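Student: So that we are looking at the same thing, I have put the structure below in structure tokens.
Each value in this text was obtained by applying a stated rule to the coordinates, not by laboratory testing. Quick caveat, the model's predicted, so the values are computed rather than measured. Positions of Cβ are backbone-derived with ideal geometry, glycine not excepted, and every protein chain shown enters the neighbour counts.
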């Protein structure tokens, strides 16, 4: 292949990249959506290092303040429950499209995670922020007290979240 053709192909790929990300966003979040799961006692017995008993991501087309979500910046509701208690902890994450995934940051320095479309659901992966907290839980939220998960070496680093019923994303009722 000559240099001009190679340069033209590379330019087309660079110009198409934002469109591909926007397409992934539109495909995944075309309408209000809930992705999540609850783990039963049998599953938790088989995975004793897993501390999360339920986890969910909820998406609506508008942010809490009424702005329209876009591929470049959107919000999701995030919640989880720990097997050590019945409380659900919830927060908002601000996300952006990044290549073949969505990168999200929980408000209040609650942690980072990456979400990748995976068939009919999402693959949720905790991102280790490194530094002095590298060996600690990486996801932290406040609810009725504080709760956290995602310690390196634990079973709480990657979750496959199928499309789910609204009750999974909103265990306490009301809007999500």
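Student: Tell me, rounded to the nearest percent, the portion of alpha carbon pairs in the range 34-117 spaced more than 19 Å apart. Before the final figure, lay out the partial values.
Tutor: Numbers: 1542 of 3486 pairs.
Pairs farther apart than 19 Å: 44 percent.
Student: Also, I was wondering about something else. If the chain between residue 158 and residue 146 were fully stretched, how many nm would it gain, using 0.36 nm times the residue separation less the Cα-Cα distance?
Tutor: 2.2 nm
Student: Based on alpha-carbon positions alone, could you give the equivalent ellipsoid semi-axes of the range 3-169 from the gyration tensor, as √(5λ), descending, whole Å?
Tutor: 31, 18, 16
Student: Sticking with this one: As a footprinting exposure proxy, order 46, 151, 83 by other Cβ within 10 Å, with the fewest listed first.
Tutor: Fewest to most other Cβ atoms nearby, the residues stand as 46, 83, 151.
Student: Let me ask something else about it. With a 10 Å Cβ neighbour count serving as the proxy for reagent exposure, in which order, fewest first, do 79, 42, 105 appear?
Tutor: Arranged by neighbour count, lowest to highest, 79, 42, 105 become 42, 105, 79.
Student: For residue 27 paired with residue 132, estimate the spin-label separation in nm (one decimal), with each label point 7 Å from Cα along the Cα-to-Cβ line.
Tutor: Calculated label separation equals 4.3 nm.
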